[in-house]
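Quick notes on the structure that follows.
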Amino acid sequence: MTESTIVVGIDGSPAADHALSWARAFAAPTGAEVRAVMTWEVPAYMISTVPLGPMTSPVEIVKDASRDTLDAAVKRAEGGPGPITTVLRHGPPVSTLLTEVAEHDADLVVVGTRGLGPVRRVLLGSVSARVARDATCPVAVVPLGAPVGSSGPIVVGVDGSAGSVAALRWAADRTDGPIHAVHVMEYPFGPEYAVEGLEFHGHEAFGHEVVDRTVAEALGERPDVTIGVTSGDARDVLTQVATTLRASAIVVGARGGSGLAGLGSVATSVASHADVAVVVVPPA
């Protein structure tokens, strides 16, 4: 499977500009349509119930300013691969962006982070986090400075869930290069760590069983998949592995298995810490 339509959230920030560049490079090999979407709303402070005489409507002021912001973002992106379709929509950013996704049956949403240095490592931008949480298609969260058009390996978080199966398949469909499947064990854990059909015979052995079975279910006998099993915080481990391998992206399932390092619960946390694009894939 390859993308035919990619929706990118635009807000005039350097982070959104970088997300647009990443999306265009990602779309280039398949010629997917890139739709740069800017949303707008009239702030409450611009609405007055007192007649002030002839004046430009606040709706027109905000709409024109938003159009200028969108046009400027696309102009800054000139020279990149492939065409861009610009879209200006009225409404709250998250719901409006997701409406665009639904109406055009988009295969991928791309959003930037706030790009605020250390602040990004504490809290992912609220729009990016909510889009990653609520979208029904994969979402790429692209931090400012993430490599664009990289051919490095893809790191996939694996926890035995349907989400991690979908994440592995998404990665495999989009690269002919190596995939590194990582299972992270967190302590302490109890009976909720169980995976149907597997028995616990020690931490490391169980971790290998989880990742081996998940990879086999998702990819069969694909030869260029390497496996890693380690303990720690899933967020930290995945970002460290990606840095070490000079990965092009990290891919995680939107909802991980209960107790299995909670990949679903830390997906946006991984995105807030990573220096590469993080793709959050919902279960099939």
Handout entry: ³J(HN,Hα), Karplus 6.51/-1.76/1.60, whole Hz, each residue of the range 7-17, x for Gly, Pro
Key = 9, 10, x, 10, 9, x, 8, x, 5, 5, 4
Completion exercise
Once amide hydrogens are built 1.01 Å from N within the peptide plane, the residues lying 5 or more places from residue 33 or on another chain with amide H under 5 Å from its amide H are 5, 6
Exercise for the section: Using the Karplus curve 6.51 cos²θ - 1.76 cosθ + 1.60 with θ = phi - 60°, work out ³J(HN,Hα) for each residue of the range 168-185 in order, rounded to whole Hz, and write x for Gly and Pro. Expected result: 4, 5, 4, 4, 5, 6, 10, 8, 9, x, x, 10, 10, 8, 10, 10, 10, 9
Practice task
Between residue 28 and residue 41, with labels modelled 7 Å along Cα→Cβ, what's the label distance in nm to one decimal, could you check?
Solution key: 3.6
Problem - Karplus-derived HN-Hα couplings along the range 134-139 (A = 6.51, B = -1.76, C = 1.60, θ = phi - 60°), whole Hz, x at Gly and Pro - result: 9, 5, 8, 10, x, 10
Practice task
Quick one: which residues, 5 or more positions from residue 156 or on another chain, have an amide H under 5 Å from its amide H? H modelled 1.01 Å from N in the peptide plane, none for Pro or chain starts.
Solution key: 180, 181, 182, 251
Practice task
Based on the mean of other Cβ atoms within 10 Å per residue, sort peptides 12-18, 158-164 so the most packed one is first.
Solution key: 158-164, 12-18
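Set the Förster distance to 25 Å, then compute FRET efficiency between residue 222 and residue 136 from the Cβ-Cβ distance, nearest 0.05.
Numbers: r = 27 Å, r/R0 = 1.06.
Plugging the Cβ-Cβ distance into 1/(1 + (r/R0)^6) gives 0.40.
Every read-out reported here was derived from the displayed coordinates using simple, explicitly stated rules and does not represent laboratory data. Just so it is clear, the model here is predicted, and its values are computed rather than measured. For neighbour counting, all protein chains shown are included, and Cβ atoms are generated from backbone atoms with ideal geometry for every residue, glycine included.
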